[in-house]
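Engineer: My structure is below; once you've seen it, I'll send some questions.
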Amino acid sequence: MDASNTLRIGHGYDLHRLEPTAPDGPGRPFVLGGVQVPHDRGPVSHSDGDVLMHAVTDALLGAIGAPDIGDLFPDSSEACRDAESSRFLREAHRRIQASGFDIVNMDLTVICERPKLKEHKDLIAAELARLLECEPARVNLKAKTHERVDAVGEGRAVEAHAVVLLGPKS
Ligand code: MG
């Protein structure tokens with residue numbers, strides 16, 4: 001792929017089921033974009049279950065037409081058990097850079113009924129920018145509820161959408 005003078009867009013989506021955290025259930029600590037947010041429920045997953053990082057990873061990979069997160073890091077792989085999702089994100093970032101691209105901006109949405117994310121959004125966006133070695137202004141994060149409807153609205157799942165724009169590496 002010739003990256004000069006080219007823009008690429010990518011979209012990523014992920015959802016994780018939420019269960020009570022230990023000792024009451026199998027939920028892992030609730031982590032979003034590498035930031036642990038206090039909550040009595042957390043994702044059930046093979047890796048650390050960072051739904052936002054998974055969506056961003058897939059958006060980056062999708063933008064360059066690379067295999068997706070499930071192809072690269074299958075949940076059947078022992079090597080990925082309990083993995084920190086920053087490992088997946090860094091690999092996606094390495095791949096876009098190796099293809100000659102850098103991040104222009106990304107627009108992210110997390111949807112969950114609880115916990116409230118308003119006070120954590122800036123820290124989560126800053127952590128993603130740090131991991132992706134870009135200015136914080138390039139990472140926009142929105143948080144919404146699901147209006148108490150369906151699994152997400154009943155607090156039984158958390159969902160994330162990511163759209164990223166890539167441009168030629170300067
Ligand atoms: Mg996932």
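Engineer: State which residue is nearest to Leu141 (Cα to Cα) when the search covers only the stretch 62-83 and only residues that are of a type in the set (D, E, K, R) and within 14 Å of the ligand (Cβ to nearest atom).
Structural biologist: Asp68
Engineer: Which of the residues that make up the stretch 150-170 are modelled with pLDDT of 95 or more, over 22 Å from Ser45 (Cβ atoms) and out of contact with any helix residue (DSSP H, G or I) (no Cβ under 7 Å at 6 or more places or on another chain)?
Structural biologist: Leu165, Gly167, Pro168
Engineer: Also, quick follow-up: Any residue that is modelled with pLDDT of 95 or more, assigned to a strand (DSSP E or B) and touching a strand residue (DSSP E or B) at 6+ places or on another chain (Cβ under 6 Å) - is there at least one of those in the stretch 21-28?
Structural biologist: yes
Engineer: Right, something else. Considering Gly12, Gly34, which residue is touching a residue at least 60 places away in the same chain (Cβ under 8 Å), touching an Asp or Glu at 6+ places or on another chain (Cβ under 7 Å) and open to solvent by 30 Å² or more (accessible area, probe 1.4 Å)?
Structural biologist: Sole residue among the options that is touching a residue at least 60 places away in the same chain (Cβ under 8 Å), touching an Asp or Glu at 6+ places or on another chain (Cβ under 7 Å) and open to solvent by 30 Å² or more (accessible area, probe 1.4 Å): Gly34.
Engineer: Further question on the same structure: If we keep just the residues of the stretch 48-61 that are within 20 Å of Arg94 (Cα to Cα) and open to solvent by 10 Å² or more (accessible area, probe 1.4 Å), which is farthest from the ligand (Cβ to nearest atom)?
Structural biologist: Asp58
Engineer: Listed residues Arg130, Arg87, Arg95, Arg81; which is more than 23 Å from Gln36 (Cβ to Cβ), open to solvent by 60 Å² or more (accessible area, probe 1.4 Å), out of contact with any strand residue (DSSP E or B) (no Cβ under 7 Å at 6 or more places or on another chain) and basic (Lys, Arg)?
Structural biologist: Result of the check over Arg130, Arg87, Arg95, Arg81: Arg95.
Engineer: Also: What pairs can you find where one residue is in the stretch 136-158 and open to solvent by less than 90 Å² (accessible area, probe 1.4 Å), the other is among the basic types (Lys, Arg), and their Cβ atoms are less than 7 Å apart, with a gap of 6+ or different chains?
Structural biologist: Listed by first residue and then by second, the contacts come to Leu141/Lys121; Ala143/Lys118; Ala143/Lys121; Gly155/Arg41; Gly155/Arg114; Ala157/Arg17.
Engineer: Let me ask something additional. Would you mind stating whether Leu166 is part of a strand (DSSP E or B), within 14 Å of His93 (Cα to Cα) and of a type outside the set (Asp, Glu)?
Structural biologist: Yes, satisfied.
Engineer: Shifting gears a bit: Taking the stretch 68-78 as the search range and keeping residues that are open to solvent by less than 60 Å² (accessible area, probe 1.4 Å) and within 17 Å of the chain's Cα centre (by Cα), which one is farthest from Phe30 (Cα to Cα)?
Structural biologist: Leu72
Engineer: Kindly indicate the residue of the stretch 14-47 that is away from the ligand (no atom under 15 Å from the Cβ) and in contact with a helix residue (DSSP H, G or I) (Cβ under 6 Å, 6 or more places away or on another chain) and also nearest to Ala151 (Cα to Cα) among those meeting that condition.
Structural biologist: Top of the filtered list is Val37.
The values are calculated or read from the model by the stated rules, or taken from the named source; none is laboratory data. Being a predicted model, the structure only gives us computed values, none of them experimental. Note that we place each Cβ from the backbone using ideal geometry, even for glycine, and neighbour counts take in every protein chain shown. Heavy atoms of the whole protein, side chains included, go into the accessibility calculation; ligands, DNA and RNA do not. Shrake-Rupley method; radii C 1.70, N 1.55, O 1.52, S 1.80 Å.
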